[in-house]
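Okay, structure first, notes after.
The values are calculated or read from the model by the stated rules, or taken from the named source; none is laboratory data. Owing to the predicted nature of the structure, the values given are computational and were not obtained by experimental measurement. Cβ sites come from the backbone with ideal geometry, for glycine too, and all protein chains shown count toward neighbours. Ligands, DNA and RNA are stripped out before the accessible areas are found, and what is left, the full protein with its side chains, is counted by its heavy atoms. Shrake-Rupley method; radii C 1.70, N 1.55, O 1.52, S 1.80 Å.
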Amino acid sequence: MKLIKVAAAVLNQTPLDWAGNKANILDAIAAARREGVAILCLPEMSICGYGCEDAFHSPGLHRTAWKMLQEILPETGGMIVSLGLPVMFRNAIFNAAVMVCDKKILGLVCKRFLAGDGIHYEPRWFKPWPHGESEEIFIDGTNYRIGDLYFECGGVRIGFEICEDAWVAKRPGGTLSQAGVDLILNPSASHFAFGKIETRKRFVLEGSRAFGVTYVYSNLLGNESGRAIFDGGALIASGGRMLAQGLRFSFARFQLTTAVVDVDATRMSQARTASFMPTIGDKLGNYVSCAMDFPALQPEAAVKASDRASTPATPAWEGGAHVKEEEFTRAVTLGLFDYMRKSRSNGFVISLSGGSDSCACAALVALMAERALAELGPKEFAARLPYIRALPQDSAALVRSLLVTVYQATANSSDTTRDAARQVAAALPSEHMELDVDALAAGYVDIVSRAIGRKIEWNTDDIALQNIQARVRGPSVWMLANIRNALLVATSDRSEAAVGYATMDGDTCGGISPIAGIDKAFLKEWLRWLEKTGPAGSRAIPALSVVTSQAPTPELRPQEMGQTAESDLMPYDLLDAIERAVIRDKKTPLEAYQILRVEFPRYAPPQLLAWVERFFKLWCRNQWKRERYAPSFHLDDENLDPKTWCRFPILSGGFERELQELREYVQAIR
């Protein structure tokens, strides 16, 4: 047996936070050394941060990243460590993993396949390295090998697949396997999306099996740069069996996942595979060798033959009936915590209407504080927010210190929503205030009425009268956020964003929009789940029953008009289905209608036609609003954020030709 202890570290890095990033890297290296790790894989772009965006075009960033690498090198004695940074070569920038062995740089492996879809824009900054090519790069008086490389350290061969390299059909691992590589390291920056962890597990497991290697996968952790949330979840597999899995959604600065692997076992597995054919004569020639003494190890606890197909224990919630609800809770609370501390904010202010969206946002902030406190403990929690003095150590007091909720009434507000806001605020608990802003709204109506020389009335000025009520709520909560140096939370969800059912500079006010990436139908399900069950290891919030029992309404028209959101728009489940068909799947109005006729047979063709037309008109008319939304978190491939996912022109023809085609189709089938 040739036993080696390997590790993957997940790090909570921040773009351009040189001191913080270095501290996390050094602490991870130190933790790995204490555990006797010989080979450590750190995440992609671990030195400078993955989300530097156009700062990658700054020569100063490259110089500083290289200096930081030099400062880290002395701490790698007796270990093999991979670190990530950008490198400039022949006037092109490459995404590189630097291989370090015992304080010395062996070479730089460059990413071959760039992530250029979804939220990723790597081709804007980087060039893909060509297959099988390597060169020499001269930096600070020293030549290093760079390119498509692998390494032989003390007789152990190590190769790389850098993040996207493993997601493509023609993975580099196939060539590395033919070169007799024993381990493949995958330094990644793989953002969270619902269910994505299962895809990662598959390519790690299949890579380890098909290539006959040990596969070590590392990832980023937390809200690195604003919109993307990284869930961590390091993975180590060998010969088709998962050996170790790291926890996801941790509030820690770093986490280490380790395993002892048998290099002889994977080599013999390759030898027994009839289809395996090594590269004879090493025609690639793309390797760097160095001496390395691996410590003698004893095998870890034996695994019974009956258990060989099993995987390491994972939290029960990962395989439960409410994985999406759990992932949503953990991703958004982690995203909020990092957004708060990295923006050096003292907490959150929410205009709490008593409806589902604002109550969901308030509940997420409360769960954020509770989850972080439970994992980190009072001392470490306070250390992560050093700019806030005297944070309470009690969970309820901590939530109250970080969350202010404000109910702002007008003449059209009801006792139902006022009482709901009070009860939810008390259950969280938040510091709760009630303001009467009706006089402000009436004052604006009176000023403009006199200016235009006529009375402003509901039968002629419906939208204007609704919007002014929403807008007068903005200044007060902005003022409270300024006074407290807190983040104002915008509360619109994705379904509302799709059709512009939000008042710009009203309920869209805020510095963060945490639920703008999730649809209303799921959000209502999540609130019912939180009311009755709640996340594993946390609590349910029964007071949410006063919210889940209501029909969503903005309460902007007089009560006798009986306004509800669905009467203004359409049923939310239908709205979300249209959005998926049209925006995610890019169907035409006619194609969307045909799909919906199957999914929603209970609706008559004329009514369904009216709703499809309404969606397209509202979607096209309100792109300008989506352009102005506060940053939201990316949660799935149905995101509408025009800055990172779903681009659409602000001005367009509005699908008039396509809608006419749909009208003619419906008329013909009557």
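Quick notes on this structure:
- Taking a Cβ cut-off of under 14 Å around R422, the surrounding Lys, Arg, Asp and Glu residues balance to a net charge of -3, with basic ones at +1 and acidic ones at -1.
- Candidate residues K532, K324: accessible-area rank, largest first, probe 1.4 Å: K532, K324
- The overall shape of segment 513-611, judged from the alpha-carbon gyration tensor, is oblate: a/c is not under 1.5, and a/b is no greater than b/c.
- The chain - percent of accessible surface contributed by carbon and sulfur, probe 1.4 Å: 52
- Considering only alpha-carbon pairs that sit under 8 angstrom and 6 or more positions apart, the relative contact order computed for segment 94-239 is 16 percent.
- Under the Karplus curve 6.51 cos²θ - 1.76 cosθ + 1.60, θ = phi - 60°, whole-Hz ³J(HN,Hα) for segment 394-405, x wherever Gly or Pro sits: 7, 4, 5, 5, 5, 4, 4, 6, 9, 10, 10, 10
- By accessible area with a 1.4 Å probe, ligands and nucleic acids excluded, highest first: order of L297, L69: L297, L69
- Where the chain is the region considered: accessible area per residue in Å², 1.4 Å probe: 40
- Unit charges at the beta carbon, dipole of segment 395-456: most positive-side option, V406, A420, A439: A439
- Given charges at Cβ of Lys, Arg, Asp, Glu: the chain dipole, positive-most of N143, L556, P571: N143
- Anisotropy class of the chain from Cα gyration tensor, a/c 1.5 cut: prolate
- Dividing the summed -39500 (n - 2.57) terms of all DSSP H runs of n ≥ 4 by the residue count of the chain sets its mean residue ellipticity at 222 nm at -11500 deg cm²/dmol.
- The order of V598, V499 by accessible area, most exposed first and with a 1.4 Å probe, is V598, V499.
- Modelled spin labels at A55 and E525, positioned 7 Å past Cα toward Cβ, are 3.8 nm from each other.
- Prolate/oblate/rounded label for segment 346-445 (Cα gyration tensor, a/c 1.5): prolate
- Taking 20 Å as the limit for the C-alpha separation, the pairs K22/K201; K587/K617; K324/K532; K127/K586; K67/K127; K196/K324 exceed it in the case of K22/K201; K127/K586; K67/K127.
- Over the chain, relative contact order from alpha-carbon pairs under 8 Å, at least 6 apart, %: 11
- Within the full protein context, the accessible area of H191 is estimated at about 20 Å² for a probe radius of 1.4 Å.
- Length gained on full extension, K67 to Q594, computed as 0.36 nm times the residue gap minus the Cα-Cα distance: 183.8 nm.
- Residues of segment 409-452 with amide N under 18 Å of a point placed 7 Å along Cα→Cβ from W624: none
- Among residues other than G653 with Cβ under 15 Å from its Cβ, the summed charge is -1 (Lys and Arg +1, Asp and Glu -1).
- With the simple model of a label 7 Å out from the Cα in the direction of the Cβ, R389 to R241 spans 5.8 nm.
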